[in-house]
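The values are calculated or read from the model by the stated rules, or taken from the named source; none is laboratory data. On a predicted model such as this, the values are computed, not experimentally measured, just so you know. Positions of Cβ are backbone-derived with ideal geometry, glycine not excepted, and every protein chain shown enters the neighbour counts.
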Amino acid sequence: MSASKKVKTKMAPLFDGAEWDFDKVNRSFQAIQKIALEDLGLNVYPTQIEVITSEQMLDAYSSVGMPLMYNHWSFGKSFVRDEASYRKGYSGLAYEIVINSNPCICYIMEENSMTMQALVMAHAAFGHNHFFKNNHLFKQWTDANAILDYLQFARTYIAKCERRYGEREVEKILDSAHALQGQGIDKFTRRQKLDIAAQRQKELEREEYERSRYSELWRTLPEVKSKNTDEIDLIEQELAQKLGLPESNLLYFLEKHSPVLDSWQREILRIVRQIAQYFYPQRQTKMMNEGCACFVHHTIMNRLYDTGQITEGTMLEFIDFHTRVIAQPDFDSPHFSGINPYALGFAMMKDIERICENPTDEDREWFPAIAGNNQPMATLREAWENYRDESFILQYLSPKLMREFRLFNLHDDSAKPHFLVDAIHNAQGYRAVRSALAAQYSVASLDLDIQVTNVDLHGNRSMILSHNITNGMTLEEKQARQVIAHIRRLWGYDITLNSLDTQSGKIIKSYSD
Amino acid sequence: MMHIIDRRLNPKGKSLSNRQRFLGRARKQIKKAVDEAIKGRKISNTDGGERIKIPADGLGEPRFVGDMTKGMRDRVMPGNKDFVPGDKIKRPPPQGQGQGGREGAEDGEGEDSFQFTLTRDEFLDIFFEDMALPDFIKKSIKEEVVHEYHRAGYNRQGSPSNLNLELTMRNSLARRLCLHRPRDEEIDQLEEQITALREKPAPTEKEQQKLVALLEELEKKQRKRRVVPYIDPLDVRYTSFTEIEKPNTHAVMFCLMDVSGSMGETHKELAKRFFMLLHLFLVRQYSKVDVIFIRHTHLASEVDEETFFHSRETGGTIVSTALEVMQKIIRDRYPPDDWNIYAAQASDGDNLNSDNARCQQILTRDLLPLCQYFAYVEVWDTHEAEMFPDDSNVTRLWQTYETIRESHQNFAVKKVTGPEDIFPVLHDLFAKDKTSEAR
């Protein structure tokens, strides 16, 4: 390990025993920071550490980990669920929650031992923090400076609406908007930064301005009747262009073009959309993000130990915890629930470090660019900045790691009575396994391809949605119908959703309300 | 670079409002679950919440999701043991989607239902929600309403004793200011000046003119004072009260319990639990219900709550003694014309054979006509219930009471064989919807 090479002098332990106090936390933070910035070369937002109780941790859980969230019954539902499973001992509480904001807010729990506090600081305040600040997806899609202000704005705004229009009315809109959360994301255009002052100003302007725009749009209706079909087609095309069809961001489309919503209802859709957008990069980088944080805490804790800044007892407690976090149960284990992002992430980071420092011939063949470059940190930092889970796996998953995890690909075709093992961790299978695994993390497999394709403005104002089926996977019908009912509430007129075969363009299944 | 904030003292329960929203939304399901839950559990007078499980219908948060049973997909899994490419694995049966446990199977329940804990208060509120004392307001005393006086603003008429001085004086002051009623000081001042002028031994022409002017002014002001009185009838306000008709809600509940030797520990435990719950219900829903505790062996006596629930006694069984005590208490303290009378009796059904007829007589002739509702609960322990599973083996007292029930609407009999019956029985007995009750 590189740490033992560099450091010779032993220092006094930062702390001893399980109890923590503010002084110890502060001292440890300074020590951790020194390693993180000087040895690992991390670049982080300033940190704000907040000590909370386990009850407050439960509270924070229920509102998707955000410190200020608007009120909605679904958060109460997840609260009672988390609470029950916590009290029964089915699940522990997270040891930390970290928020992608500037300053980066880390919650640490009162009940943690001092070892855990040090670990959490290394993991969240430096690992996640560095990732948030440097990864291109976060840089592009989220705005750490404004998120807290925006949440505050959202909370106040929704509370204001509840007072003015009644809790029930607001709840209806939120229910419907939540149902479309997964369809409320701009995937292809860069979002504007959230600016709270401008936000308020805009809100006012929208209230004044937008109504006129909508009526303008609908006023074309009566004229159309007298025209011939060509002209109608032309107008339709123009209209589609004006509406920006096809549009995959359903929430955006409804917010802008729904004929039945009031301006406050549009604003609520906007809020839900903005928050969904904020979480979008997290879903795409879960594995890397955890891998980065685990790698950082692992390196830092080891270095603290090597320099004598933590005791053997602390180190043992850390190793015990760390091993549990990065455990990967086999597919046939009762504990198996998919690939553990901590396990795969951490293993890949360590593997990259190994390839940089001690490559084998196989590594040289597979990774000529980095093998033996002896710059593990620079290589890792570059990867953390420029990749997402999908591309990271395609680029860096090594044959050695596939062998270690004993990965195999199971092809599941529902038309056949058998699953097929079509590739395993051998020379013929490496590439297939790797692309299959990468595909599991791709946007295409995370999100369904559903778009607004047509709006019938001549007739009954019905909306047509298209779902492009990937790999023959249709929608789960019961939920799909319920979501369509929600869309209908927001659009006000008939909705049809067609599931289309991607190749032939034929309608496989059609749902309407 | 770092900032540490101690948030432990921040208010907790930030999710409380979300929790209440959720409970409100799930009210119907929770109510059902609560009713279900109590069937299978002991009534405890312990603290702590109740864990309940509700179906997720109506609480679902639908999303567009793919149907995992359709189409094609690749899944990369770890931990290959001996698979080689080309191996075929038989598809597992449909439930528990796919290999191993994927999401959903993990927590054992999936999306179909979920469990959580209600606080004791939340639980009791929901449980007692649809229970009520039947015929709570006696028809005969409905007319005899009680009047209560409530403050109801101010009035221009009223009796002097209700005169509202503050408001009257405020009105008076306002009127006097508006109409420029001369104040005492102004008059005094004028009079002083006049006296001073008059006392002058040799007034000049100018002084005389001034005196005349002053006298005129004085007279004008005094006239004005007469026209604009200090207190005008217009100013006067009286505090007003209105009568509110309040229906008479005097109610008394008699709790009659057999504590004789034939009642085993389990019987007593059951009976006590029943009354404990009944008591809890009464105290919670009706703040002003009198509860009378009577226990009996071959003798009966009125006791206080503490003794009723906690002390031990033993002896023979004569049920009618308890009924007699109840009758006497009604005669002495609760004139039936003024009171809604309820009774609940618990016994193991043992009685001196010769006494049954007397019980029937007292009940049908004396007590039932006076009572709004009389509930009889017979406690059996589980052994007895197993030995005599069908209804043909009933106790004599039960037989007797059964005949009474047939002829009296306000009489109900129920059997309790285990702690799990108590909640439902109580619930049936006091269900708000009286059509389902009485059996």
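Quick look at the values:
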| quantity | calculated |
| --- | --- |
| Within the range A:110-169, helices (runs of 4 or more DSSP H) holding 3 or more residues that are of a type outside the set (A, V, I, L, M) | A:129-134, A:136-141, A:147-165 |
| Lone unmet requirement of (1) modelled with pLDDT of 90 or more; (2) small (Gly, Ala, Ser); (3) more than 30 Å from A:Asp186 (Cβ to Cβ) for A:Ser391 | (3) |
| Complete set of residues in the range A:384-419 that are hydrophobic (A, V, I, L, M, F, W, C) and crowded, with 17+ Cβ neighbours inside 10 Å | A:Trp384, A:Phe392, A:Ile393, A:Leu394, A:Leu397, A:Leu401, A:Met402, A:Phe405, A:Leu407, A:Phe408, A:Leu410, A:Phe419 |
| Any hit, the range A:29-36, residues being surrounded by 15 or more Cβ atoms within 10 Å (Cβ to Cβ) and within 21 Å of A:Leu151 (Cβ to Cβ) | no |
| The one condition in (1) in a loop (DSSP other than H, G, I, E, B); (2) over 23 Å from A:His130 (Cβ atoms) that A:Ile310 fails to fulfil | (2) |
| Residues of the range A:449-466 that turn out to be farther than 19 Å from B:Pro62 by Cα and either assigned to a loop (DSSP other than H, G, I, E, B) or within 12 Å of chain B (Cβ to nearest Cβ) (or both), as a count | 7 |
| So A:Tyr430, is it more than 10 Å from chain B (Cβ to nearest Cβ) and over 28 Å from B:Met72 (Cβ atoms) | no |
| From the options A:Gly492, A:Gly505, A:Gly429, residue that is touching a residue at least 12 places away in the same chain (Cβ under 8 Å) and surrounded by fewer than 17 Cβ atoms within 10 Å (Cβ to Cβ) | A:Gly492 |
| Residue within the range A:374-383 that is within 21 Å of A:Val433 (Cβ to Cβ), outside the structural domain of A:His128 (by TED's automatic domain parsing) and surrounded by 18 or more Cβ atoms within 10 Å (Cβ to Cβ) present | yes |
| First in the range A:296-320 and on the phi > 0 side of the Ramachandran plot, second anywhere and surrounded by fewer than 20 Cβ atoms within 10 Å (Cβ to Cβ), Cβ under 9 Å, 6 or more apart | A:Gly308/A:Thr9; A:Gly308/A:Lys10; A:Gly308/A:Met11; A:Gly308/A:Ala12; A:Gly308/A:Pro13 |
| Matching entry among A:Gly41, A:Gly65, A:Gly89, A:Gly17 (being in a loop (DSSP other than H, G, I, E, B), more than 10 Å from every other protein chain (Cβ to nearest Cβ) and modelled with pLDDT of 85 or more) | A:Gly41 |
| Among (1) surrounded by fewer than 20 Cβ atoms within 10 Å (Cβ to Cβ); (2) more than 19 Å from B:Phe275 (Cα to Cα) - the single one B:Trp339 does not satisfy | (1) |
| Qualifying residues in the range A:390-417 (those that are of a type in the set (D, E, K, R) and either within 13 Å of A:Gly429 (Cβ to Cβ) or in a strand (DSSP E or B) (or both)) - the one farthest from the other protein chains (Cβ to nearest Cβ) | A:Arg403 |
| Close pairs from the range A:80-107: first under 30 Å from B:Ile30 (Cα atoms) and of a type outside the set (A, V, I, L, M), partner buried (at least 22 other Cβ atoms within 10 Å of the Cβ) and modelled with pLDDT under 70, Cβ under 7 Å, at least 6 apart | none |
| Sole residue being modelled with pLDDT of 90 or more, within 27 Å of B:Gln20 (Cα to Cα) and of a type in the set (A, V, I, L, M, F, W, C), chosen from A:Ala94, A:Ala154, A:Ala122 | A:Ala154 |
| Enumeration of residues in the range A:122-171 that are among the hydroxyl-bearing types (Ser, Thr, Tyr) and more than 16 Å from the chain's Cα centre (by Cα) | A:Tyr150, A:Thr156, A:Tyr157, A:Tyr165 |
| Residue selected from the range A:467-498 under the condition assigned to a helix (DSSP H, G or I) and among the small types (Gly, Ala, Ser), by the criterion nearest to the other protein chains (Cβ to nearest Cβ) | A:Ala480 |
| Lone qualifier among A:Lys34, A:Lys10, A:Lys24 - being at pLDDT 85 or above, more than 7 Å from chain B (Cβ to nearest Cβ) and over 21 Å from A:Arg381 (Cβ atoms) | A:Lys24 |
| Filter result (assigned to a helix (DSSP H, G or I) and buried (at least 22 other Cβ atoms within 10 Å of the Cβ)) within the range A:237-251 | A:Leu250, A:Leu251 |
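Okay, residues lined up against (1) modelled with pLDDT of 95 or more; (2) away from chain B (no Cβ under 14 Å); (3) buried (at least 19 other Cβ atoms within 10 Å of the Cβ):
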position: A:Arg303; (1), (2), (3): no, yes, yes
position: A:Thr314; (1), (2), (3): no, yes, yes
position: A:Ile319; (1), (2), (3): no, yes, no
position: A:Phe331; (1), (2), (3): no, no, yes
position: A:Gly338; (1), (2), (3): no, no, no
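Residue by residue, here is whether (1) modelled with pLDDT of 80 or more; (2) at the interface with another protein chain (Cβ under 7 Å from one of its Cβ atoms); (3) closer than 24 Å to B:Phe128 by Cβ; (4) surrounded by fewer than 16 Cβ atoms within 10 Å (Cβ to Cβ) holds:
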| site | (1), (2), (3), (4) |
| --- | --- |
| B:Arg19 | yes, yes, yes, no |
| B:Leu23 | yes, no, yes, no |
| B:Ala37 | no, no, yes, no |
| B:Ile43 | no, no, yes, no |
| B:Glu61 | yes, yes, no, no |
| B:Met72 | yes, yes, no, yes |
